[in-house]
Amino acid sequence: DRRLSPAPLASFVQVNPAAATLLRNHVFEAAAASSPSHLIDGYAGNGEIAIRLAQSGVRVTAIELDPEASAWSSEHMPSGSHSIRGRVEDVLMGELPADTVLLNPPRIGLDEGVPAILENAEIKPARVIYTSCNPATLARDVARMPSYEIVAMKSFDMFPQTAHVETVCELVPAA
């Protein structure tokens with residue numbers, strides 16, 4: 001195992017480290033379960049999940065707007081994978097096709113262009129794993145992808161004794 005230097009404090013960090021670790025492990029396992037050859041990690045942050053997947057042999061494209069987080073991810077990404085600094089809605093189309101797409105947008109959810117790109121992709125990703133901190137924007141964004149169906153959903157209680165949860169929603173193209 002190659003040890004990574006500490007990641008920069010990106011523009012966003014989960015405040016509940018125990019629940020955040022459970023969440024990251026779940027997303028990693030869900031992504032790895034289908035043995036993708038190419039995976040796109042949109043809203044990748046410092047690339048922790050992307051780097052871990054790349055180290056397991058998956059070719060990964062990490063997309064992140066924050067310059068420090070993107071640079072750190074790029075510096076630590078294994079050969080054959082890469083990190084792109086940019087907006088997901090501006091970069092995603094050029095990186096497809098991919099077997100799996102991870103999405104972990106901010107509270108406002110996906111830019112409307114992202115579901116449109118996934119809906120209209122010539123070769124649809126076999127799996128979209130969408131992590132959301134806002135059930136309302138998750139519902140809106142999933143509704144914008146009618147050719148996909150939900151196959152799994154799991155919530156993580158990031159702020160005990162509040163209504164705030166992180167939800168991981170796994171989507172596949174409808175049969």
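Assorted remarks:
- On the stretch given as the stretch 78-95, residues that are surrounded by fewer than 20 Cβ atoms within 10 Å (Cβ to Cβ) and either in a loop (DSSP other than H, G, I, E, B) or among the acidic types (Asp, Glu) (or both) total 8.
- Lone qualifier among 125, 146, 135 - being on the phi < 0 side of the Ramachandran plot, surrounded by fewer than 20 Cβ atoms within 10 Å (Cβ to Cβ), of a type outside the set (Gly, Ala, Ser) and modelled with pLDDT of 95 or more: 146
- Pick from the stretch 96-109, criterion in contact with a Phe, Trp or Tyr (Cβ under 9 Å, 6 or more places away or on another chain) and open to solvent by 40 Å² or more (accessible area, probe 1.4 Å), ranking: modelled with the highest pLDDT: 104
- Look at the stretch 18-37: where a residue is open to solvent by 40 Å² or more (accessible area, probe 1.4 Å) and a partner is part of a helix (DSSP H, G or I), sitting 6+ places away or on another chain with Cβ atoms under 7 Å, you get 24/48; 24/49.
- Residue 112 being open to solvent by 70 Å² or more (accessible area, probe 1.4 Å), in contact with a Leu (Cβ under 8 Å, 6 or more places away or on another chain) and free of Cβ contacts under 8 Å to residues at least 60 places away in the same chain: no
The values are calculated or read from the model by the stated rules, or taken from the named source; none is laboratory data. The structure displayed is predicted, hence computed values, not measured ones. All Cβ positions, even for glycine, are placed from backbone atoms using ideal geometry, and neighbour counts span all protein chains on display. Heads up: the accessible areas ignore ligands, DNA and RNA and are worked out on the full protein's heavy atoms, side chains in. Shrake-Rupley method; radii C 1.70, N 1.55, O 1.52, S 1.80 Å.
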